[in-house]
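Below is one structure, written out as structure tokens; the observations come after it.
The values are calculated or read from the model by the stated rules, or taken from the named source; none is laboratory data. The structure displayed is predicted, hence computed values, not measured ones. Cβ placement follows ideal geometry from the backbone for every residue including glycine, while neighbour counts extend to all protein chains displayed.
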Amino acid sequence: MAQASRLVKPETQQLVHLTVLRTERLSPHWMRVTLGGGEVERFRPMGYDQWFRIFLPLGGDEGLERLPAKANKLFGYLKYLRIPDGVRPVMRNYTLRAFRPATANTGAEIDVDFVLHGSVADGTAGPASRWAETCTPGESVVIIDEGLAFNPERGVDRVVLVADETGLPAVAGICAALPAGASGLAIVEVPSAGDALEFPHPAGVTVRWIVREHGVKPGTPALQALKDAALPDAPFHAYLVGEQALPTDGRRHLVGERGLAKDLVSFCGYWRTGAASPAPKSQRLAAEARS
Ligand SMILES: Cc1cc2nc3c(=O)[nH]c(=O)nc-3n(C[C@H](O)[C@H](O)[C@H](O)COP(=O)(O)OP(=O)(O)OC[C@H]3O[C@@H](n4cnc5c(N)ncnc54)[C@H](O)[C@@H]3O)c2cc1C
């Protein structure tokens, strides 16, 4: 993962084997994949923007069976890299969009909303986007819980939430977890009007949708909307996620020009234009260890 503020760690970070239960095309750029079965009972929902590493079986189930414990940490990651090319699962970062506990008739379920970017047809889609668009019920995945980037200790009563489409699941999760009396502003940028998937939020939180025009760099309209916005009186807890420039420039604006204290900003670069999934610290360290 790219540069990020202090994270709230989960209780455990064991490998959790899951199965695709179903998929649903929600809109032009959204695919919901519902996971369950397997070891879903091991998963502990924390609310807010809980996210996880997800390992996708692009080389078949053999790669998932060979995943080492702690594949998200340096030594585990080095072992993960020893799984041969073509068998090694692809690792990406995604957000818990919803968790439904087990009932008398069904097991617990996890929804993950994947942005579909690029195109499967012409080969420009990233591996995770391609997988989400084409996966079928019964396929296996593995996840490792990573906890929260939205640190509730920085405040839950007054918030400013800013995201491109990849952060929509996180903003929706945060709004679902905020107290009913919370107030503030959520700015969410999406690639088309049909992708503005409404979500419940406290009455005092205004949700502003920004539809990006074709050809505009993702994140720039949301950043501009933040710069133009009348913000609540400080102190408030700001949360910025999306294409790398959005959280870094947004944080600089809030701290430098709006006078917000640095430790009231939770931020995380979710992806970077022109580069495959941002390298987590363990990946960078592993690359250095091998060079
Ligand atoms: C903590 C965290 C939580 C996240 N949660 C979600 C989530 O819930 N849903 C979600 O959809 N994404 C989420 N993301 C972002 C997601 O991990 C990235 O978009 C990831 O790069 C997608 O992987 P890929 O294999 O499809 O593409 P990659 O192989 O990583 O990239 C291939 C190419 O596609 C480009 N690319 C990657 N993502 C996008 C995009 N969204 N739009 C346009 N071009 C892109 C890259 O710049 C690169 O050129 C999250 C990221 C983090 C760090």
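Filtered by the rule that a residue be without any contact (Cβ under 8 Å) to a residue 40 or more places away in the chain, within 21 Å of Leu260 (Cα to Cα) and assigned to a loop (DSSP other than H, G, I, E, B), segment 201-232 gives a lone residue, Ala230.
Search segment 128-149 for residues being of a type in the set (Gly, Ala, Ser) and either without any contact (Cβ under 8 Å) to a residue 40 or more places away in the chain or part of a loop (DSSP other than H, G, I, E, B) (or both), and hand back the single one that is surrounded by the fewest Cβ atoms within 10 Å (Cβ to Cβ). Working first, answer last.
From segment 128-149, those of a type in the set (Gly, Ala, Ser) are 128-129, 132, 138, 140, 147, 149; that's our starting set.
Okay, now just the ones that are also either without any contact (Cβ under 8 Å) to a residue 40 or more places away in the chain or part of a loop (DSSP other than H, G, I, E, B) (or both), so 129, 138, 149.
Working: Ser129: 20, Gly138: 9, Ala149: 27.
This residue is Gly138.
Which one of these is within 26 Å of Leu168 (Cα to Cα) and not assigned by TED's automatic domain parsing to the domain that holds Trp51: Val156, Val142, Val112, Val90? Steps first, please.
On the way: Val142 fails: not assigned by TED's automatic domain parsing to the domain that holds Trp51; Val112 fails: not assigned by TED's automatic domain parsing to the domain that holds Trp51; Val90 fails: not assigned by TED's automatic domain parsing to the domain that holds Trp51.
The unique qualifying residue is Val156.
Which one of Ser291, Ser282 is under 22 Å from Thr95 (Cα atoms), away from the ligand (no atom under 12 Å from the Cβ) and modelled with pLDDT under 95?
Values: Ser291 fails: under 22 Å from Thr95 (Cα atoms).
When all the criteria are applied, what remains is Ser282.
Annotation: of all residues in segment 48-66 being of a type in the set (A, V, I, L, M, F, W, C) and under 20 Å from Leu96 (Cβ atoms), the one that is nearest to the ligand (Cβ to nearest atom) is Trp51.
Checked against (1) farther than 23 Å from Arg66 by Cβ; (2) more than 10 Å from the ligand (Cβ to nearest atom); (3) surrounded by fewer than 21 Cβ atoms within 10 Å (Cβ to Cβ); (4) hydrophobic (A, V, I, L, M, F, W, C), Ala125 passes all but condition (2). Could you list, in sequence order, all residues of segment 254-278 that are more than 7 Å from the ligand (Cβ to nearest atom), of a type in the set (A, V, I, L, M) and farther than 18 Å from Val171 by Cβ? Once the filter is applied, which keeps residues that are more than 7 Å from the ligand (Cβ to nearest atom), of a type in the set (A, V, I, L, M) and farther than 18 Å from Val171 by Cβ, segment 254-278 yields Val255, Leu260, Ala261. Taking segment 99-135 as the range and being touching a Pro at 6+ places or on another chain (Cβ under 7 Å) and either farther than 17 Å from Asp164 by Cβ or among the hydroxyl-bearing types (Ser, Thr, Tyr) (or both) as the test, the residues that pass are Phe99, Ala108.
When you scan segment 28-42, how many residues do you find that are over 14 Å from Val112 (Cα atoms) and touching a residue at least 60 places away in the same chain (Cβ under 8 Å)?
Total satisfying the criteria: 4.
Does segment 129-144 contain any residue that is within 13 Å of the ligand (Cβ to nearest atom) and within 22 Å of Leu7 (Cα to Cα)? Within segment 129-144, one or more residues are within 13 Å of the ligand (Cβ to nearest atom) and within 22 Å of Leu7 (Cα to Cα).
Rundown of residues vs (1) within 15 Å of the ligand (Cβ to nearest atom); (2) in contact with a strand residue (DSSP E or B) (Cβ under 7 Å, 6 or more places away or on another chain); (3) basic (Lys, Arg), yes/no style:
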residue	(1), (2), (3)
Thr103	no, no, no
Leu116	yes, yes, no
Ser183	no, yes, no
Val207	no, yes, no
Arg212	yes, yes, yes
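Summed over segment 233-246, the residues that are crowded, with 20+ Cβ neighbours inside 10 Å and either without any contact (Cβ under 8 Å) to a residue 24 or more places away in the chain or more than 16 Å from the ligand (Cβ to nearest atom) (or both) give a count of 3.
Among the residues of segment 162-173, is any over 30 Å from Leu18 (Cα atoms) and in contact (Cβ under 8 Å) with a residue 60 or more places away in the chain?
Start the filter on segment 162-173 by keeping residues that are over 30 Å from Leu18 (Cα atoms), which leaves 162.
Filter once more, so that each one left must be in contact (Cβ under 8 Å) with a residue 60 or more places away in the chain: 162.
Yes.
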